[in-house]
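Take a look at the structure set out below.
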Amino acid sequence: MPCMHLQPQILDEKKNSTETADGRYSCPLYKTLKRAGVLSTTGLSTNFITALELPIGDGLTESFFVRRGCALIAALAD
């Protein structure tokens, strides 16, 4: 994934936070390559940063990426 500049915005309420828009994959972003961490009081791993909605190509679905365990990592490559 290329470097990205993230610009936070205030959005109107989403219909449902568990649903993603058509043509997008809700890709998890982790701090390190290890997808494990201590569960915080929110119930999420301390290694998890956020989920980014990435556009996906025609004919692909979100489950295509989920089955392959696709995720983004914020750590620098070794």
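Here, each number is a calculation from the coordinates, and none is a lab measurement. As the structure is a computational prediction, the values presented were derived from the model and not from experiment. Methodologically, a virtual Cβ is constructed for each residue, glycine included, from the backbone with ideal geometry; neighbour enumeration extends over all protein chains shown.
Before moving on, here are some points about what is shown:
- Extension gain, residue 71-residue 41: 0.36 nm per intervening residue step, less the Cα-Cα distance, totals 8.5 nm.
- Residue order, fewest to most surrounding Cβ atoms within 10 angstrom, among 22, 58: 58, 22
- By the count of neighbouring beta-carbon atoms within 10 Å, fewest first, 29, 6 end up ordered 6, 29.
- Among 3, 70, 27, the order by Cβ neighbours within 10 angstrom, fewest to most, reads 3, 70, 27.
- With a cut-off of 15 Å between beta carbons, the residues surrounding residue 57 carry a summed charge of -2, where Lys and Arg count +1 and Asp and Glu -1.
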